[in-house]
1. Explain nothing, just the number: relative contact order of segment A:2-233, from Cα pairs under 8 Å at least 6 residues apart, as a whole percent.
2. Please give the average number of partner chain Cβ atoms lying within 10 Å of the Cβ of each residue in B:215-223, rounded to a whole number.
3. At 7 angstrom along the Cα-to-beta-carbon line, where would the label on B:Ala390 sit relative to the other copies? Give the distances in nm, shortest first.
4. Might you report the magnitude of the Cβ-based charge dipole of segment A:1-154 about its Cα centre, with Lys and Arg at +1 and Asp and Glu at -1, to the nearest 20 debye?
5. Got the A:Arg159 label distances to the other copies yet, label 7 Å along Cα→Cβ, in nm, shortest first?
6. How well do other chains shield peptide B:228-237, expressed as the mean number of their Cβ atoms within 10 Å of each residue Cβ?
7. Under the convention of a label 7 Å out along Cα→Cβ, give the distances in nm from A:Ile40 to the same position in every other copy, shortest first.
8. For segment B:286-316, which trypsin sites (Lys or Arg not before Pro) are both in a DSSP coil and crowded by at most 13 other Cβ atoms within 10 Å?
Protein chains: 2
Amino acid sequence: MFVRVLEKTVRRRGLLERGDRVLVAVSGGPDSVALLRGLIELRSRYDLSLTVGHFNHGLRGAASDAEERFVAELALKAGLELRTGRMPTASVRPRGRSLEDWCREHRYAFLDATAREIQAGKIALGHHRRDQAETVLMNLLRGSGIEGLKGILPIRDGRYIRPLLDTDPAEIRAFLESRSLSFRNDASNRDIRHLRNRIRHDLLPRLETVYNPAIVHGISRMAEIAGLENDFMESVLPEAYASAGGREGQGGVRFDIPAFLTLHEAIQNRLILLVVRRLIGAPSGLTHAHIQLVRNLLGRSGYAEVHLAGGITATRSYDHLSFQQTADVSSPASRSQHRPSRLRRKGTDAEAGFQFDVPIPGVLSLAPGCRLRFEVAGVTRPVPTGREIACLDYERIRFPLVCR
Amino acid sequence: MFVRVLEKTVRRRGLLERGDRVLVAVSGGPDSVALLRGLIELRSRYDLSLTVGHFNHGLRGAASDAEERFVAELALKAGLELRTGRMPTASVRPRGRSLEDWCREHRYAFLDATAREIQAGKIALGHHRRDQAETVLMNLLRGSGIEGLKGILPIRDGRYIRPLLDTDPAEIRAFLESRSLSFRNDASNRDIRHLRNRIRHDLLPRLETVYNPAIVHGISRMAEIAGLENDFMESVLPEAYASAGGREGQGGVRFDIPAFLTLHEAIQNRLILLVVRRLIGAPSGLTHAHIQLVRNLLGRSGYAEVHLAGGITATRSYDHLSFQQTADVSSPASRSQHRPSRLRRKGTDAEAGFQFDVPIPGVLSLAPGCRLRFEVAGVTRPVPTGREIACLDYERIRFPLVCR
């Protein structure tokens, strides 16, 4: 059953081609051990060259090293080449990055570099259907919007593949048993503090018990459709960009408003998101509220501007809508924070002084320990209250908002 | 605040035009009372003609009648015309229909007929943001797929409008207080047995407490985007239909397979859904598993066919993919069940006898109390076990499957 579902997933989702060289990411847990064995059993049919990759996060000392040895032995028994990596000892985790994110970044960097070295066109990961349901729920709970619903993709960047995405953990355990394969359990997975683990051990079992025993299937099916539809939406953007008169220049992007407005509202929103992301060079932290601000611009006449995430200013000037990055951003990957890095002189010399453009939403670091956080509340979020909170009427603010 | 948000919603979502005649559905609960008052306060700006509509479900005897009197008084005080309706006493609820569904059908029939009578182009409903979040969660938990994520639409069929969709219950209560308005509480809302009420009183508060206090905002924002994107996907279907050589004839719909396959997979799936719905004339009960069956057909050569929901057969015959309704369906609105209504004579006279085409998924009623339920398990659902369950290997079944 397991291998048949695996093969079906590979075929249906186009994950492998004959002759592929595949780096298989093996942690030593049940999922990756089953993944490795499943791919070994498909090897001849697809004429695959397999290499085992293991990344030692070194978080649990001797236990981590024992896992590495376990994977080494697994590779040896299977007659496969092994590549290992570990967290660089000298690296310092940046403030605000979670340990989980930091480890993931290094793990993927290792997988990328190794795949390049051994000229593997594919990197196989052991995520299964339940991981998928957890991810979608996590995104939903975080309020990450419709893009989060596609969850983890069966194939990402044409390179990372997830052949177990149609498989349940129970099927994985049954397969391991049928092949008498052992595995290591990662103890950190049991830590209830992490959001994912709370979803894994509390929310998802509860939803299955009280609401729908087949919810994992339902959610992962929905994720698949969301992934496809998202892909389609993205595929029509280049044409939409051109038809809205989109063009780059002067360090930004410009559209013709009348042409832009003939597009479907969903496409207008996607274009705004696309352009902001392109200017920032990373996921944008752009929210629905920001998109709404740009839409409001379109309803005005003459000149108007709004400040978006990542230091982007959207300007309406008669028949043109333009987006420009007016401030550098400290960390392009940072989703909700950015520091002002440009000190502007304004007005006459007499009035001039250091001043900061206010990022909305965002955080302004005036001095160590002295930070102002800005967010839009009320319409899209409850209005917070407290001694250190000031509420301004968004519709009466004149932009750019400056702190001096 | 309430009226400003209401007005913003009306403007942003294009719910009203100047001079609109609006039938306002008023149950007497806080939401509809606030809706009515809010529209009264917007009346002059939009030059609205308002009529109050109340439907008495008669489920709670004297309490229901008291609600009707309460709404009548409300209309009288506001100087507005009142139209009332009630459940027909002679009507019998069909088996398998929930009381809630049955009431809703009659309520909407009343609203539709009344709007036609008074020539109201709009029917205003009091659903708010929390209703939206509940609906999306309910759809998600039911496994209703990506279309369920759009939740309730701000405007449906160009006629039903929901001006409170960006408003929270707390804002509604505050508004009612500020205007010294009273309202009636609908006791049946507190019944924890209903799925919606379990979500309302248990799941949603829990998600807010444990996971994200702003989840209602997050979900309703996501629903808005999902609604827009769904609308866009639907808007491109006519062109896709034509470019895939879609044409009606012989009681079905036919595509040219090579042209069909040039379309994006998301669009192929939507077209399958569209055609099946058009043939059935109602929501189809078509699941992702069915769509996958059609996709499998496309990968074969020569002649092949599969049986879908609602008595639809999809046939691949060389370069053509066709969909035909081969069996009537007992209740087109029924999503998961349909009875065979066509008794076919097959083979020679000697072999001939009554026989039933098997609906997959579906229920076959052979005699009162004797029913066979068919479903596809394993790949998309856990394989059920039990004494009265037989599992057949789907891939080895030859279609059409016949019960005799």
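We did not get these values from a lab; they are worked out from the coordinates using the rules stated. Because the structure is a prediction, the values reported are computed rather than measured. Neighbour counts run over all protein chains shown; Cβ positions are idealised from the backbone, glycine included.
1. Dividing the mean separation by the residue count of segment A:2-233 yields 25 percent.
2. Partner-chain Cβ atoms within 10 Å, mean over residues of B:215-223: 6.
3. 7.7
4. Magnitude of the dipole: close to 340 debye.
5. Copy-to-copy label distances at A:Arg159, shortest first: 5.4 nm.
6. 5
7. Inter-copy label distances (nm, one decimal, shortest first): 7.7.
8. Those satisfying the criteria are B:Arg300.
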